[in-house]
Amino acid sequence: MGASSSKLEGVTNDFEMVVRVAKELDRVLARDFGLSEHRQLGDKIQALKEQGGVSARTIMNMRTLVHWRNTLIHDYDCSGLQDLNTSRYKFQCLYAETQRELASVVAAKQRELVIYRTDTTTAEAPSGWALLGAAVAVGVVSYALAAADEGEEEKRKERRRRQKRSSYHY
């Protein structure tokens, strides 16, 4: 998922960028969240909301990206992101934020699978030391994730402050 944001760097056309983002979201929702039975991206987002595990902000961000894509593609009078009162930078930031959140949810699901996976080769229960070790590992991972989220939140706040300051010049 991280490689797709670098694919957007060389794109100069709003239409191509929006379509690539929509295709990437569609692929991620189908592959990583098992939503391949739904045909439309909006249906996949709704199913993901009902499935749970993803923040309301991420759902809103995905719906915004899909709305911008639909307007850009289907509205004859819309010729670019500027017609939607947004910029390429804002679009890319919204997509990057959504991408990070989806990646963290997928990583959390994978960690849960590793932690709760049962070993079928042995029939004995795990010892107390093994359980203690697993509990410590979970605690360390959750602490690291919380620290990383704090850093990301600070970066987002700083970005918002810079955007606010730059919007006063218009």
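The values are calculated or read from the model by the stated rules, or taken from the named source; none is laboratory data. Values in this document were obtained by computation on a predicted structure and should not be read as measured data. Don't worry about glycine lacking a Cβ; one is built from the backbone with ideal geometry, like all the others, and counts go over all protein chains shown.
A compact table of results
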| item | result |
| --- | --- |
| In the range 17-47, the residues that are at positive phi and modelled with pLDDT of 90 or more | none |
| Qualifying position, being surrounded by 16 or more Cβ atoms within 10 Å (Cβ to Cβ), within 12 Å of the chain's Cα centre (by Cα) and not in a helix (DSSP H, G or I), among Val54, Val11, Val21 | Val54 |
| The range 79-128, residues that are among the acidic types (Asp, Glu) and either at pLDDT 80 or above or touching a Pro at 6+ places or on another chain (Cβ under 8 Å) (or both) | Asp83, Glu97, Glu101 |
| Verdict on Asp14 being at pLDDT below 90, assigned by TED's automatic domain parsing to the domain that holds Val106 and closer than 15 Å to Leu94 by Cβ | yes |
| Test for Leu35: is it surrounded by 13 or more Cβ atoms within 10 Å (Cβ to Cβ), aliphatic (A, V, I, L, M) and part of a helix (DSSP H, G or I) | no |
| Residue that is nearest to the chain's Cα centre (by Cα), among those in the range 64-112 that are among the acidic types (Asp, Glu) and part of a helix (DSSP H, G or I) | Glu101 |
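Residue by residue, here is whether (1) over 14 Å from Ala22 (Cβ atoms); (2) of a type outside the set (A, V, I, L, M, F, W, C) holds:
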site	(1), (2)
Thr58	yes, yes
Tyr76	yes, yes
Leu81	no, no
Asn85	yes, yes
Tyr95	no, yes
Ala103	yes, no
Glu112	yes, yes
